[in-house]
Every structure is written in C-alpha cells, then in structure tokens.
Amino acid sequence: MSNADVIKKFVIDEFLPDVSASELAADYDLLADGVIDSLGLLKLIAWVEDHFQLAVHDTDLDPNNFRSVAAIDTFVAEHQNEKVAGS
C-alpha cells in the first residue's frame, strides 16, 4: 500500500466515513471544503508524525502541506527523503 493510499484511508476513516476511497480525489481540498477543521488538522499532523515517524516542525505548519491527500503525500515523501539524507 502506497503512502497516498494509507493517507487516504486515514482521512476517510477519521473524517469522511461515508465516502469510498475511489470517491476521494487525491487533490480534493480537505481544508477549503471543511472536511478537516483546525482540531482535525492537529489530529492529522499528530497521526503523520506517529505513523510515518516524522517530526513536523513549526516551519512545516503551512496549511498547504496538509490541504489534500496529494499534498500530505508530498510532504511525507520530502521529509522521509530528508530523514534518509540526514542519516
């Protein structure tokens, strides 16, 4: 299962239980459409940190990093690459 699939599953399980994975487009704006509010964003960030073993720093807290499944996937991939490069 790809990171995008894992992220999509989490978003659906936590925020869109009546939506199937095929119905949620990777670029669907979760923030603008009110799927994820400020508390939901905190929950999402905590899950990203825990699930992908990444530290989300204050400078990473740009809402655009968590706006869609695709944006979250890009954020995770970039930080995983930094983690590998820094090892």
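Label point 7 Å out from LYS9 along Cα-to-Cβ: which residues of the range 45-74 have amide N under 14 Å? Answer for the range 45-74: 51-52. Angle, helix 69-86 long axis vs. longest principal axis of the chain, Cα atoms, 0 to 90°, nearest 10? On a 0 to 90 degree scale, this one is about 10. Basic side chains Lys and Arg get +1 at the Cβ, acidic Asp and Glu get -1 at the Cβ, and with that the dipole of the chain about its Cα centre reaches some 180 debye. Modelled label positions at ALA70 and GLN53, each set 7 Å beyond Cα in the direction of Cβ, lie 3.0 nm from each other. Per residue, the chain exposes 60 Å² of accessible surface when a 1.4 Å probe is rolled over the protein heavy atoms with every protein chain present.
With a 1.4 Å probe and all protein chains kept in place, how do LYS8, LYS43 rank by accessible area, largest first?
Ranking LYS8, LYS43 by accessible area, largest first, yields LYS43, LYS8.
Relative to the dominant Cα principal axis of the chain, helix 38-52 is inclined by about 50°. Figure note: PHE66, PHE15 ranked by solvent-accessible area, largest first, 1.4 Å probe, ligands and nucleic acids not counted: PHE15, PHE66. Working note: 222 nm ellipticity from helices only, DSSP H runs with n ≥ 4, each -39,500 (n - 2.57), summed and divided by the residues of the chain, gives -17500 deg cm²/dmol to the nearest 500. Dimensions of the chain based on its C-alpha atoms, expressed as ranges along the principal axes with the largest first, amount to 41, 28, 19 Å. Expressed as a whole percent, the accessible surface of the chain that belongs to carbon and sulfur atoms is 51, based on a 1.4 Å probe.
The values are calculated or read from the model by the stated rules, or taken from the named source; none is laboratory data. What you see is a predicted model, and the numbers here were worked out from it, not measured in a lab. Note that we place each Cβ from the backbone using ideal geometry, even for glycine, and neighbour counts take in every protein chain shown. SASA here: full protein model, heavy atoms, side chains in, ligands and nucleic acids out. Shrake-Rupley method; radii C 1.70, N 1.55, O 1.52, S 1.80 Å.
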